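Here is the structure we will look at, set down as structure tokens.
Read the figures in this text as sums done on the coordinates, not as results from a lab. Because the structure is predicted, anything quoted here is derived from the model rather than measured. Ideal geometry is used to build each Cβ from the backbone, glycine not excepted, and the neighbour counts take in all protein chains shown.
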Amino acid sequence: GDRLPTYHRLDLRLTHLFATGRARWVAFAEVMNLTDRRNVSSYSYSPDFQRREAEPSYFGRTLLVAGVTVMW
């Protein structure tokens, strides 16, 4: 069996913690797969195993995520 190609991914996350009254807040912004590298998560084969097709990773494209959490 073949091995999958080497998986590389660079993520960047910025987090800010602050408090107001009794509440504590966490705000964040994250860029996943900053380099936009197309990683392979698996291969799929034809029924006769003559053709192999790479299945891209779920995080195969750059993804921006942002959010806020409040705890009190």
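Quick rundown of the values:
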| quantity | calculated |
| --- | --- |
| Dipole in debye (nearest 20) - the chain, about Cα centre, beta carbon charges: Lys, Arg +1; Asp, Glu -1 | 280 debye |
| Cα pair count fraction exceeding 18 Å, expressed as % - the chain | 58 percent |
| Charge-dipole axis of the chain as Lys and Arg at +1 and Asp and Glu at -1 on Cβ define it, positive-most pick from Trp72, Ser41, Ala54 | Trp72 |
